[in-house]
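This report concerns only the one structure given below.
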Amino acid sequence: MVAKVCGTPKEAFLKVCEYIAETAAPNKTMTNLYALGWTEHSVGSQNIRSMAIIQLLLGNMGMAGGGINALRGHANVQGITDFALYAQNLPGYLAVPSDAEPDLKTFLEKKTPKMLRPGQMNFGQNLPKWYVSLHKAWWGNAATKENGFAYDFMPKLAGASDVLSIFDQMYQGKVHGFLCQGFNPLASVANKKKVSDALSKLKYMVVMDPLATDTSEFWKPHGEFNDVDPSKIPTEVFRLPTTLFAETSGSFTNSGRVIQWRWKAANGPGEAKDDTEIMATLFLKLKDMYAKDGGAYSEPIQKLTWAYRIPTKPSPEELMMEYNGKALADVLDPKDPTKVLVKAGDQLPSFAMLRDDGSTTCGNWIYCGVWSQAGNNSARRDNSDPSGLGQTLNWGFAWPVNRRILYNRASADPSGKPWDPQRTVLKWLGDKWGGNDVPDMRPDAAPEQNVMPFIMTGEGVGRLFAVGLMAEGPFPEHYEPFESPLDNNPMHPKNPKARANPAARVYKGDMEAFGTAKDFPYVGTTYRLTEHFHYWTKQSKINAIMQPEQFVEIGEELAREKGITAGDKVKVRSNRGFIKGVAVVTKRIKALDVDGKKVHTIGIPIHYGFKGATKPGFITNTLTPFVGDANTQTPEYKAFLVNIEKA
Amino acid sequence: MALQSLDIKQRSATTTPSTQVRQTVEIAKLIDVSACIGCKACQVACSEWNDIRDEVGNCHGVYDNPMDLSAKSWTVMRYTEVEQNNKLEWLIRKDGCMHCADPGCLKACPAPGAIIQYSNGIVDFHQENCIGCGYCVTGCPFNVPRISKEDSKAYKCSLCSDRVAVNQAPACAKACPTGAIQFGSKEDMKDYAAKRVTDLKERGYDQAGLYDPQGVGGTHVMYVLHHADKPDLYAGLPANPSISPLVSLWKGVAKPLATLALAGVALGSLFHYVTKGPNEVSKEIEDEIEKEDAK
Ligand code: SF4
Ligand code: SF4
């Protein structure tokens, strides 16, 4: 069935399965590294969850060299995600209150996970400490026990706010202004035409970026590459040049959750300003206007903590200290209240010190410890690796609490002996846990107490069967992409409703914009080249030299069928538009045998556009469908339908 | 030259002895083709360190770009898709100067001191002495040097002699994200290569081996190849490179004579260069060499 669905030859698939299954042995481990090849599908989360289940079954979680690891596409994707990239999360992945929770008590009761088996850690039970400390960081003295620590100041979630939903709302004319910071949505969001139409409905757009992006010129005609009529676009566009990462200090958090400080290397050019300076100036201006002219409910703005040395320029150091948090009063030992754990005014060493009584602040609980009384731990640069496992515990700082391997209690058997003594991550030392990592376990929880490794679940074990956590069912299921060359899902050939992910969200008009295999018989897939980094580096001369011009890759067989030779100009169309590029004919893309049908794939790099140092090109996302994964809403860039002809 | 720590082994068209007082370590760069992912970070690093920018060209239906070595691209990646025994391999070879122990370019060069071989093995072009005749191009068994259209000087990879002189690895080796480019003493590099070859053999590449062609006395840029029996698979890497017999003939047998005659030509050429430009100069030198060869 697998070979039938995905076209992988049966023997090759079984070989891979054998390799994977071998890692069930205690001294063999497999890691799984995934990136956008897995996530950019309408079943992206299901892909990853399937692998997570396999890793749990093979015992590869918590082991050195094990786990399931996201490879991030930028140096700091992990960092921005940790700091509420998605509006449905607060920093540190805390839940955002909604109108269904009118007060702090209701909110905390609803969101704090319950213990599901006795004696487990159920670490999420500390939510009140993390949440209250966040409010104390943001609103300081204005957050009191009496006013629910300024619970009302926190904006309440009003529906979906992922990138597709924001652009759909914009498309419907429901958005007036758009602050576009370090983001090139015209190029990077699905269905360029829809995005361009959406931007055309704005009153104004402010672009904060180090580069003159395609988005900032969405209104400007660039021949056939951007065929628009500016007289019909009323949107007023402001460009605010910002500095680049090398032109300001700060930190990157990598895929391994290691926070690494970096130092400013050069001054920004011309009038470029740090993003923080632009945001701070804007904030202070608004605050001032509210003070002078009044306005509805300005208290959350007026009372926001803003204790920076230069108010218009919060420094990266001040911000990191604020994320870490500090004690407002002496933090006492709950077992022995005569003992002071942290003195009032001191930076906190770990989130174990956070309190829900308003005596601690913390801008992001998972970052607590990054800037303790010892200073900036993310700036540590000791690369010694005594265990030889790549555990450089004194290099930077990993969240949480400098732990490098999550769920590392699972690297030891129930009695506390390492499964693989050659690669000891953790072991029970008789009175406490020790080894080569910060234990992901209560340090004194003896093995006999049966405290299970998966401390973030209420039952302490990994979840093979997950109820109510995924948009889909408790087990992963296969669905075809929304645009598929197949008429049916081979797993459910008789059920048209199970063809594509039934839990995915499709907006009005987008269904109609899907194409069918009759008109678009080939599968398009988009990806990046090593020579380029998204849409930025087409603006850089050297990268442009390395890959100067937009191209499209096709297999030799399809090329023969279509009379295309390498170097020809070709036109690729989907039901949403077309692009042109040079044909690269390759042995690397073969026709697949899927459900008895020959399926050709067309590979389309994403980097090109009408702004930059490369030869002007089309926006690849002109082609892609406006639908995403049912859980994350990450668009389905990896599989859609196209046709190709000689241009 | 100023780069004293490199010490000079030989100079083109020069008969006076080279420096010999100091012994330097013979170095080498090892390119492990089996570990290369074709990212071109090495190409970028080369451009940046040497401060050269080639043209923004066009896509020619392949990944290669720039398409060939040039006065402004001293290294380029060459991509070949090979299908044999039902297996597809994407062979990616970083092309550039091999820094031959017996350099055909230097042997062929009639301009005194335009091509230098340091005692560590690096073959370096000193453009201030180059007369643009293009003889190094003919003399090179790897088709590496390129004459610039802008200044009629020959250019190629210097193995970052300026970096190596201060104990730094070449820029490409420093930039490579996979460790496919290693740098060190030639001996260490051979040891490293031996380990890689053993590993590749264990993985089923029976013909894996080191490319250090003896026809040019060995090279200071070596490759680990998964198919060392078929170097030609890697975008036409020659199996048995050697210096054209013509070059050996006129430089070997008739050396003093040729040198003398050519020194005269070189002087004359300077004059011509000023009045008539470089192309005719090359023509004249060519005639001269043909005369020498005919003897
Ligand atoms: S490869 Fe060519 S240019 Fe380089 S040293 Fe050898 S002969 Fe000279
Ligand atoms: S930098 Fe290394 S991996 Fe990248 S192309 Fe060059 S040799 Fe290959």
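The values are calculated or read from the model by the stated rules, or taken from the named source; none is laboratory data. Nothing here was measured: the structure is a model prediction, and the numbers come from that model. Here Cβ is always computed from backbone atoms with ideal geometry, including for glycine, and neighbour counts include all displayed protein chains.
Quick check, is B:GLY57 away from ligand 1 (no atom under 13 Å from the Cβ), modelled with pLDDT of 95 or more, on the phi > 0 side of the Ramachandran plot and within 14 Å of chain A (Cβ to nearest Cβ)?
Values: away from ligand 1 (no atom under 13 Å from the Cβ): yes; modelled with pLDDT of 95 or more: yes; on the phi > 0 side of the Ramachandran plot: no; within 14 Å of chain A (Cβ to nearest Cβ): yes.
No; evaluated as a whole, the condition is false for this residue.
Any residue that is away from ligand 2 (no atom under 16 Å from the Cβ), crowded, with 17+ Cβ neighbours inside 10 Å and on the phi < 0 side of the Ramachandran plot - is there at least one of those in the stretch B:81-100? Yes - at least one qualifying residue is present in the stretch B:81-100. Just so you know, in the stretch B:196-208 the residues that are surrounded by 14 or more Cβ atoms within 10 Å (Cβ to Cβ) and assigned to a loop (DSSP other than H, G, I, E, B) include one that is nearest to ligand 1 (Cβ to nearest atom), and it is B:ALA208. The set of residues from the stretch A:627-645 being over 28 Å from A:ALA583 (Cβ atoms), surrounded by fewer than 20 Cβ atoms within 10 Å (Cβ to Cβ) and in contact with a Pro (Cβ under 7 Å, 6 or more places away or on another chain) is empty. Within the stretch B:22-37, one or more residues are within 20 Å of the chain's Cα centre (by Cα) and within 14 Å of another protein chain (Cβ to nearest Cβ). Looking only at the stretch A:551-560, which residues are in contact (Cβ under 8 Å) with a residue 24 or more places away in the chain, more than 7 Å from every other protein chain (Cβ to nearest Cβ) and out of contact with any Lys or Arg (no Cβ under 7 Å at 6 or more places or on another chain)? Those that are in contact (Cβ under 8 Å) with a residue 24 or more places away in the chain, more than 7 Å from every other protein chain (Cβ to nearest Cβ) and out of contact with any Lys or Arg (no Cβ under 7 Å at 6 or more places or on another chain): A:VAL552, A:GLU553, A:ILE554, A:GLU557, A:LEU558, A:ALA559. On the stretch given as the stretch B:62-92, residues that are more than 20 Å from the chain's Cα centre (by Cα), at the interface with chain A (Cβ under 8 Å from one of its Cβ atoms) and either in a strand (DSSP E or B) or free of Cβ contacts under 8 Å to residues at least 12 places away in the same chain (or both) total 4.
For the stretch A:488-498, the count of residues that are touching a residue at least 24 places away in the same chain (Cβ under 8 Å), buried (at least 20 other Cβ atoms within 10 Å of the Cβ) and more than 16 Å from ligand 1 (Cβ to nearest atom) is zero. Has the stretch B:101-124 got any residue that is under 26 Å from B:LYS40 (Cα atoms), in contact (Cβ under 8 Å) with a residue 12 or more places away in the chain, more than 12 Å from ligand 1 (Cβ to nearest atom) and in a strand (DSSP E or B)? No; the residues of the stretch B:101-124 include none that is under 26 Å from B:LYS40 (Cα atoms), in contact (Cβ under 8 Å) with a residue 12 or more places away in the chain, more than 12 Å from ligand 1 (Cβ to nearest atom) and in a strand (DSSP E or B). B:SER47 passes every criterion in (1) away from chain A (no Cβ under 11 Å); (2) outside any loop (DSSP other than H, G, I, E, B) apart from (1).
Within the option set B:ALA169, B:ALA193, being away from chain A (no Cβ under 14 Å), away from ligand 1 (no atom under 16 Å from the Cβ) and without any contact (Cβ under 8 Å) to a residue 24 or more places away in the chain holds for one residue only, B:ALA169.
With respect to A:LYS129, determine if the residue is touching a strand residue (DSSP E or B) at 6+ places or on another chain (Cβ under 7 Å) and of a type in the set (D, E, K, R). If you could, list the steps in order and put the result at the bottom.
On the way: touching a strand residue (DSSP E or B) at 6+ places or on another chain (Cβ under 7 Å): no; of a type in the set (D, E, K, R): yes.
So A:LYS129 does not fit the description; no.
Looking across B:PHE183, B:PHE142, one residue alone is within 21 Å of B:ILE116 (Cβ to Cβ), within 16 Å of ligand 2 (Cβ to nearest atom) and not in a helix (DSSP H, G or I). It is B:PHE183.
Quick check on B:GLY132: is it more than 16 Å from ligand 2 (Cβ to nearest atom), of a type outside the set (S, T, N, Q) and on the phi > 0 side of the Ramachandran plot? So B:GLY132 passes the test. For the stretch B:228-251, the count of residues that are over 20 Å from B:SER34 (Cα atoms), in the same structural domain as B:ASP54 (by TED's automatic domain parsing) and in contact with a strand residue (DSSP E or B) (Cβ under 6 Å, 6 or more places away or on another chain) is zero. Within the stretch A:592-630, can you find the residues that are more than 14 Å from every other protein chain (Cβ to nearest Cβ) and outside any loop (DSSP other than H, G, I, E, B)? A:LEU592, A:ASP593, A:VAL594, A:LYS597, A:LYS598, A:VAL599, A:THR601, A:ILE602, A:THR620, A:ASN621, A:THR622, A:GLY628 - these are the residues of the stretch A:592-630 that are more than 14 Å from every other protein chain (Cβ to nearest Cβ) and outside any loop (DSSP other than H, G, I, E, B).
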